[in-house]
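Below is one structure, written out as structure tokens; the observations come after it.
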Amino acid sequence: MVLQGKWLWAGCLTLVSLAVTEFQGVPAPHPSIVPRIPILEYHLVRTRADGQFVISRDDFRRDLRLLYDRGYRPITVAQLLDKDFRDVPVGMSPVVFTFDDASPEQFSYVEKDGALEIDSTSVIGMWLEFQKTHPDWKSRATFCLLSGAQSGHSFFGDGANWNGQLPAWRFKKLRWLVDNGFELCNHTVWHAQLNKFPDAVVQEQIARGQLAIDSAVPGYRVRTFALPQGLWPTDPGLAWRGSWTEPKAGKQTSYDHETVLEVSGGPVPSPFDSTFERRRLTRFMVFGGNLKSLLDRLDDSGTRFKRSHE
Ligand SMILES: [Zn+2]
């Protein structure tokens, strides 16, 4: 289980010039406030909510409306790293959506008259539906993918048992995401708990995940890696960089991630602030209607990041 909401707002405040002002007897120092950006974490979106890992479709649609109405616009993790806020109008706030585990509920097709249509009840379908009435809500989110896990967690479904999703549709979905502005993130092959395996297996899990993404979208540069269950490998450096050699062909695959996503920890500091750790980013798991509370806390504490640069 993952604890959420434990991050400390006190950490948002950086005291400055404390020693100097105390010594001179001037009024107490003003804390400088570090603006923060929420990286939201979603897993399964189904008919009914269930615990931390399943939210309902109604909840998801409500989250989209809530964020839109409160002046948030989506960007990807890669855009956050690049300080690329061009999709966020001045005065508004960026929000990063991350979707973990590549479940069929996130991206499904339905076949109609021999043509594939995006299932309007899947996350992507609901996102597109929302765009029809909110055209300035762009296709920006980061999908942290499993390429070969059980129960259909394999590039959004690998068999008819999984929401009717055929294996032949998997690569098409990844290409569609990239072509439409979404980001692909590696989340290993089958969600191995990386703290339990030797270095070689850790690197194989990550490298094969990257290879699978490359098979779908040749040459795609994977910049973001999400730790399964937030568990770091014994050698944490292997979450960012490593390599694996395929035994039969002897072909080596190397990976070099710019950032690693954790599973909790709350909104990250502005990338313009010195406390921003671009190599590891914390997230906020959305469930049980907790998104509104998060947004309220960002507003009430004055720590909500708003775009001010042209
Ligand atoms: Zn996961």
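The values are calculated or read from the model by the stated rules, or taken from the named source; none is laboratory data. Bear in mind that the values here come from a model prediction, so they are computed numbers and not experimental data. Counting neighbours? That spans all protein chains shown, and the Cβs are built from the backbone with ideal geometry, glycine included.
A few notes on this one:
- First in the stretch 253-278 and closer than 18 Å to ASP100 by Cα and modelled with pLDDT under 95, second anywhere and within 16 Å of the ligand (Cβ to nearest atom) and aromatic (Phe, Trp, Tyr), Cβ under 7 Å, 6 or more apart: none
- Residue in the stretch 198-213 that is crowded, with 16+ Cβ neighbours inside 10 Å and outside any helix (DSSP H, G or I) present: no
- Wholly within the stretch 42-134, helices (runs of 4 or more DSSP H) carrying at least 2 residues that are in contact with a helix residue (DSSP H, G or I) (Cβ under 6 Å, 6 or more places away or on another chain), closer than 20 Å to ASP299 by Cα and touching a residue at least 40 places away in the same chain (Cβ under 8 Å): 57-69
- Restricting attention to the stretch 255-270, the residues being away from the ligand (no atom under 16 Å from the Cβ) and of a type in the set (D, E, K, R) number 2.
- Any hit, the stretch 157-180, residues being within 16 Å of the ligand (Cβ to nearest atom), closer than 30 Å to GLU277 by Cβ and among the aliphatic types (A, V, I, L, M): no
- From the options ALA200, ALA207, ALA249, ALA212, residue that is more than 30 Å from ILE33 (Cβ to Cβ) and within 16 Å of the ligand (Cβ to nearest atom): ALA212
- Residue within the stretch 130-137 that is within 16 Å of the ligand (Cβ to nearest atom) and of a type outside the set (Asp, Glu) present: no
- Any chance GLY219 is over 25 Å from PHE171 (Cα atoms) and of a type outside the set (Phe, Trp, Tyr): no
- Flag for LEU227 being crowded, with 16+ Cβ neighbours inside 10 Å, in contact with a Ser or Thr (Cβ under 6 Å, 6 or more places away or on another chain) and of a type outside the set (S, T, N, Q): no
- Identity of the residue in the stretch 160-192, part of a helix (DSSP H, G or I) and touching a Gly at 6+ places or on another chain (Cβ under 8 Å), that ends up surrounded by the most Cβ atoms within 10 Å (Cβ to Cβ): ARG170
- For the residues ASP113, ASP101, ASP58, the requirement of being away from the ligand (no atom under 16 Å from the Cβ), modelled with pLDDT of 95 or more and of a type outside the set (S, T, N, Q) singles out ASP58.
- Any hit, the stretch 138-155, residues being more than 14 Å from the ligand (Cβ to nearest atom), part of a strand (DSSP E or B), buried (at least 22 other Cβ atoms within 10 Å of the Cβ) and not aliphatic (A, V, I, L, M): no
- Residues of the stretch 118-128 that are more than 21 Å from the chain's Cα centre (by Cα) and farther than 17 Å from PHE155 by Cα: SER120 alone.
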